[in-house]
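One structure is given here, and the rest of the page talks about it.
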Amino acid sequence: MLIGFEQTGFAQTPLNFSNNYFVTGDYVVAGVGLRGLGVNGYATKQIIMPDKNSVPSTGVPLGADIVGAFLYWETVESSQTTFAGQNGFFRPVFQGGPATGYPITGVVLGNPNAPVSWSSGGCSGNSQGSKTMRTYGADVRLFLQQDSKGNPVANGIYEVSLADSGSNGGGSPLTLGASLIVIYRALTPSLPLTSVVIYDGAFAPANGSSTMTQSLQGFYQAAASPISKLTHIVGNGQNNKYETVSLNGVNLPSLYKNLPPFYGYYNGSWDNPTWSLSPTSNPVNPVNANDASATATVTPDASNSGCVSWGAVIFSTTVQNSDNDGILDVWKQKQGYCDASVNGGLCSTTDPSWVALPGAAKGNKDLFVELDYMCSIVNADGTCDKTNGYSFYPSATALTMMTSALSSPKGVKGISAHFIPGNPGYPGAFATGAIQEQTCIDSTDASGNPVLCPFVNQPGIVGWKAGFEFLKNQPLNYLDETSCQQALNGPCIRRFQHGRKDSYHYALFGHAVGLPEWSLQGGSLASVVATGNTVIFTTSIAHGLIAGTDRVTISDATTNPGLNGTYSVQTASGNIFTIQIPTATNATYTQSTDPGLSVASGRIYTTSGVSDIGGADSLVALGLWGAAGQTDQVEAGTFMHEVGHSNGLTHGGYYYDTPGNYVATLEPNCKPNYQSVMNYQFQVDLLDNGVLDYSEQQLTALNESTLPAGVTTTDGSALAYSTTKWYTPLQPNGIGSAATHHCDGTPLSPADPNPTMYLVGGAANPITPPWASDSDVNFDGNINTTLRGYNDWANLDLRQLGATGSDIFGAGRLTGGAGRLTGGAGRLTGGTGRLTGGAGRLTGGAGVGNAELTFETANSAVRPPRSLTAMLTAPPSYIQLNWTAPTFGQISSYNIYKATNGTPAPPAIASVPGNTLTYTDKNVTCGPTYTYVVTALLSDGRESIPSNSVSQMDCLPPYIFTGFYSPLATADPPNTNSYSGPFNLSKSVTAKWTLQNSNGSLVTNLNANTLYGVGPFAPQADGTCRPSQVNKVAGCSVNNPPSCPANVQALYSPTAGAKGNSTFRFSTNQFVFNWDTKTTTAGCYVLELDLDSGQVERTGLKLQ
């Protein structure tokens, strides 16, 4: 009986470095034995996760995100040139799940030209060479069951079907077994950073050297008190053949008491034991603090030696990251590190595999971001031609705002942000980070068949996530991926250096993002049914597609991968549209069978960006926002928003409400008690009208049914930001347009508790203006009984970029290069932690097109003008209004509203163009109080609510009045009632006085004065004429005639001058008015002087 494996002399190869991950999590393994179970060419059996070998015993913690899922298997084959065991099937088993397995094609591991030989003599026997053993691996993450939010669920039952003749002897193919490896992370600062390293291949000890020794590196620096795990995935173990497993020279006991460590636990042919090691384990963890490598050894027993064949070794350990920023201490010390996948992790600082971390410093939190950007024209030297084209590189001011905001949060240790365009270590034009913008066009294949472009004739569209990954990993010095993999003319240079995946975020500033519009996940795609060559799609709401004009792109179809691609819409009506596919099939695709299936129309939306939630990747796409997207404020706010996502922040915060698991409760968007740029209310408007920041405090929860008087902190401290924003059903002053969307971008619904809402802002504590209780203040279409605050800075986790590790191309790995099962041409989605579909995200459901803020959502409520002020102009005295433009919006005009001794209301008194921020009201007089507000209007006519109100009297500051000089008596001061005596009729009456302003300077302007003569009227009983006998002219109102004196003569006004032959001049430092009384009737008069300050001075006299 064939009982062992052996390599031929030329076939001996160690296991190869596959990949390394840095996660706040770990890995688990489950296995199944298959040898001899074949029926009709396939052995079919179930893997159960967790299985008895799982560490932890619970398998993957509930709610954890799945970073990677890989299936390994070994097959004995009769030929060294064919690959009989390469293909198989894999599926999760659950009610409503796929009825048959998803087809998988394994990557051949090890040297495909020198496979390990199957020997009849064990490790000490002679190699027969008649049979060969191969190891295969496949990425199966896409095929895991997903929960209702689109997150893969690892724990459960999985059916595998792999090639097996059923002979369990000399027949072939013969699959020994399969193991499922799941790498997970939980998005929480409470878990330590752990490195998971995978080595895989096909290896068995040779006759001359029966000990297996595998060096393990790629974790770089073990933690001070490391917690580690080690798994061997092997075939052909036997219960009467013994080996000793050791790590760093320390023997590890068999997990099966007196049985060998590899005894064929699964069906007598397969093993994947996992040892868990810690400072308190037995034996104590042989991995020491700061170790950069470990050595796994398996030594056969001297008398009854076992001989197994290896498919993979997985090792994990906590790592030393004192600053909790994902940048290991040793990397900071050396200002970089060598890529572990190249040359065994050995290099010099001048080698292409050296990853530089300039400026990293222990004791600081460091955030490294490669910042690439699209240009319409890229010069030969790699720079952008901004004279004849445009660039999407963010402004220097926006980046300075970001750097400052991250480095100086109040009360929190700051972050040193390193925004690095491209890669300065690359040669010449490759170093700049500039990417030539491409315009997608339709084409034909080699047979002349049309190949449709997903977004035809639209420049710079980046599909999330496959299109993004293509640009990120694009070869720069080779024409295509094939030639890059071959690297015949030197190492392939990719846009994003492979080794940077462990330390750098990748941010791309592009033109626009291509996102799915409908998906089975969340229900925006209600059903997908294939009948023959026709596929019928039903959407949850009207789709708006036009048959024969529009196109759709299908992505992430797993049951039938041939469905993926771009198609013309054949028929379209209401909620249903159809396409034609070349290969007829009858199938119904559901969320259970094809959880990632999504559809994008050829229409592009103005989504501001998209990012991993806790990962490395961010795309900022403001190219369709016009001038509004080019401001420093919008660029900085959007970039900081997306970087926040990649470091674990969401639109409203999240909580793990159930102890013991990581199922997140997501808080809604747009909460007034969440003062953060992550909140749509502040992404482009920022905080307190211009401050860029994440939330710094935990604010008290709100109940929209019974709202409190204001927003407060949970610890009683003062608010970091004094203002906030919310929605109200009350139209302020009867002015302004209601919001056109919910704040989170979802459409309005007849079922909304408050269908008509207005965006307002003001003081947060107390809320000013007061909010309407029992109202949808965050305007998401619900009355939420609990809106919890969230402290971003306390939860920001810079260690999460490694969760995108499975999305990075790399030689010999299962997730990159040819044969990838998680990607493919035309895919718009994919990758860990993305917002719009697939695993690891904290958001999901309907509205994939609304995953991030769009221009339309940002403009759904018009912002009012800010900082309205009023001032008096130099005489002639008018009221001049000045204001600041709104925080956001392309304003076409402003309306000015005015009230006299009241509250401004429609109609507007005037309108000025959008580039004018001032207005002068000339229709004013001294006396009344005028109140003003200003509104902003968009080109579509929608109007903001009113600005702050300002009130002003058309009066200057009081003058110092020296009194009337002789021959008149002093004007009546308080509590006097002056009489200047009799004057001869038909003679001039001379009035003289002096004015000084508030600075004591002499006033010389005649127009500061207005003179009235009020009379005639009868004298008092004593024969005198007193001012108290008639009303003041200043109190006269055309709307209230009884308040006016019986007879008023305007003796002098700034507009009409002096009456008749009267004269008025400034002479010898005083005002001199000569009143010509020749045409005046005899009697008592009051001479009234009205000043433009609002003062009134009067004296009585008698003309006789």
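We did not get these values from a lab; they are worked out from the coordinates using the rules stated. Nothing here was measured: the structure is a model prediction, and the numbers come from that model. Please note: Cβ atoms are built from the backbone with ideal geometry, for glycine as well, and neighbour counts cover all protein chains shown.
Quick notes
- Rounded if a/c under 1.5, otherwise prolate or oblate - region 866-953, Cα gyration tensor axes: prolate
- Relative contact order (%) - the chain, alpha-carbon pairs under 8 angstrom, separation at least six: 9 percent
- Here Lys332 is the anchor, and the lysines within straight C-alpha reach of less than 20 Å, apart from those fewer than 8 places off in the same chain, are Lys362, Lys365, Lys413, Lys501.
- Likely footprinting exposure, Ile767, Ile441, fewest C-beta neighbours within 10 Å first: Ile441, Ile767
- In percent, rounded to a whole number, the relative contact order of region 401-512 is 18, using alpha-carbon pairs under 8 Å and six or more apart.
- C-alpha long axis of helix 632-646 to longest principal axis of the chain, angle in °: 30 degrees
- Under 24 Å from the Cα of Lys725 - lysines, other chains or at least 8 residues apart: Lys410, Lys671
- Per-residue ellipticity at 222 nm computed for the chain from its helices equals -1500 deg cm²/dmol, with DSSP H segments shorter than 4 residues left out and the rest contributing -39,500 (n - 2.57).
- Using C-alpha pairs under 8 Å with a sequence gap of at least 6, the mean separation divided by the residue count of region 866-953 gives a relative contact order of 33 percent.
- The residues Thr350, Thr75, when put in order of fewest to most other Cβ atoms within 10 Å, stand as Thr350, Thr75.
- A straight chain from Ile783 to Thr976 at 0.36 nm per residue would run longer than the Cα-Cα distance by 63.0 nm.
- Top positive-direction residue, dipole computed over the chain with Cβ charges, set Thr295, Thr1004, Val535: Thr1004
- Each peptide in 630-637, 687-694, 1096-1103 gets a packing score, the mean of other Cβ atoms within 10 Å over its residues, and the list from highest to lowest is 1096-1103, 630-637, 687-694.
- Antiparallel DSSP beta bridges within the chain, percent to nearest 5: 90 percent
- Distance violations [Cα-Cα > 31 Å] among Lys52/Lys149; Lys992/Lys1032; Lys898/Lys1032: none
- Most tightly packed first, judged by the mean number of other beta-carbon atoms within 10 Å of their residues, the peptides 1071-1084, 145-158 read 145-158, 1071-1084.
- DSSP bridge pairs, region 341-458: antiparallel proportion in percent, nearest 5: 30 percent
- Taking 29 Å as the straight-line reach from the Cα of Lys386, the lysines in range (excluding those fewer than 8 positions away in the same chain) are Lys465, Lys472.
- Overall form of region 547-622 per C-alpha gyration tensor (a/c, 1.5; a/b vs b/c): oblate
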